[in-house]
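Student: Sending over a structure as structure tokens; questions will come in a sec.
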Amino acid sequence: MKSGFIALVGRPNAGKSTLLNALIQQKVAIISPKPQTTRNQIRGIRTDEDSQLIFVDTPGIHKPHHELGAQMNKEAFAAASGVDCIYLLVDGSVPFGSGDEFVLASLKEKKIPVFLILNKIDLLSRDKIMDLLIEWSKRHDFAEIFPISAKENTNLAELITITKTYMEDGIQYYPEDQVCDYPEQFIISELIREKVLLLTEEEIPHSVAVVIERMGRKKGKLLINAMILVERNSQKGIIIGKQGSMIKEIGTQARKEIEGILGETIYLECFVRVEKDWRNRKSKLQQLGYIQ
Ligand code: GDP
Ligand code: K
Ligand code: MG
């Protein structure tokens, strides 16, 4: 059997998490139009008859402004070492910028084959796609170049077929029915964080974390208590909303999705707490599982 690891790297919002979910045909990574949605390395596993591909989704590489940001870069670079192949994801609908230079420079030192994946071609004309492919091919010695749409599944079957040819004969690392490598509790907290990102305004995203404080059974029903951490009182107010309307909506949307994944009805309670400056406190980040 062919098996190996593929790191997904690229600027925030290039579509890495969307592609990961599409490649393994299941939602394991949360997606939002806000940058820096993904904070940890997430492995998605795709097992076919002849192969096992392990895709490592990473936080987007960016210039760090705080401890969490620096940690996210470290995770992204670490994920891109010791893999068999790297997908460099590029959002074709935004211009080339210093963020792309930063990512390209970090790949230059590595001897691992890099695929250029030009994403979001559903938003581009044929001519524009051709121009971008030509421009990008001059910037690095890419092993392969693929125009795709992660959202519409365009060209993904071909991408998988070619990727397999870069894998060595190896062992099956995970059981064939396993699609990701982290515990349920983490998916649950991530789904709640996704709803917070989707439902609230610009100010919230980088200052929110979700911790599952309790998960247990009462009379057979699964009870989950989730704590949403924010940095300021004003953010707490936004998340709670008018007469609790926002936190209720966050809870309802998250509960529906968690029930779909777990296959049972659950009882979910969400709370909000202000923890000043949690992003700059390493011990807090460790507790939240963002760093080892
Ligand atoms: P990440 O930060 O690189 O993980 O990016 P996400 O996967 O979170 O996606 C960022 C945004 O781009 C989301 O709003 C996605 O729905 C959108 N997106 C991702 N792939 C595509 C695509 O192929 N086409 C279009 N039109 N949008 C996409
Ligand atoms: K994102
Ligand atoms: Mg992501």
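Student: Can you list the lysines whose alpha carbon is less than 30 Å from that of K218, not counting same-chain residues fewer than 8 positions off?
Tutor: Of all the lysines, those that pass the test against K218 - Cα under 30 Å, at least 8 places apart if same chain - are K27, K195, K236, K248, K256, K284.
Student: Continuing with this model, one more query. Which of the lysines could be linked to K108 by a straight reach, that is with a Cα gap under 24 Å, when you skip same-chain ones fewer than 8 residues away?
Tutor: Reachable lysines: K16, K63, K74, K138, K164.
Student: Then there is this: Taking the alpha-carbon distance from K34 and a cut-off under 15 Å, which aspartates and glutamates remain once sequence neighbours fewer than 8 residues away in the same chain are dropped?
Tutor: Within reach: D91, E190, E194, E201, E202, E203.
Student: For an R0 of 25 angstrom, estimate the FRET efficiency from the Cβ-Cβ distance between Y267 and Y174 and round to the nearest 0.05.
Tutor: Details: r = 31 Å, r/R0 = 1.25.
Working from the Cβ atoms, E equals 0.20.
Student: Give me the number: length gained by fully extending R214 to I145, i.e. 0.36 nm times residue separation minus the C-alpha to C-alpha distance, one decimal in nm.
Tutor: Extending this stretch completely gives an extra 20.2 nm.
Student: Which order do S93, S17 fall in if you start with the one that has the fewest other Cβ atoms within 10 Å?
Tutor: So the residues, fewest neighbours to most, are S93, S17.
Student: Order by neighbour count: K195, K111, fewest other Cβ atoms within 10 Å first, most last.
Tutor: By the 10 Å Cβ count, ascending: K111, K195.
Student: Pulled fully out, how much extra length does the chain show between I162 and K248, if you take 0.36 nm times their separation in residues and subtract their Cα-Cα distance?
Tutor: Details: separation 86, 0.36 × 86 = 30.96 nm, distance 4.56 nm.
Extra length available between I162 and K248 comes to 26.4 nm.
Values in this text are rule-based calculations from the coordinates and carry no lab data. These numbers come from a predicted model, not from an experiment. Ideal geometry is used to build each Cβ from the backbone, glycine not excepted, and the neighbour counts take in all protein chains shown.
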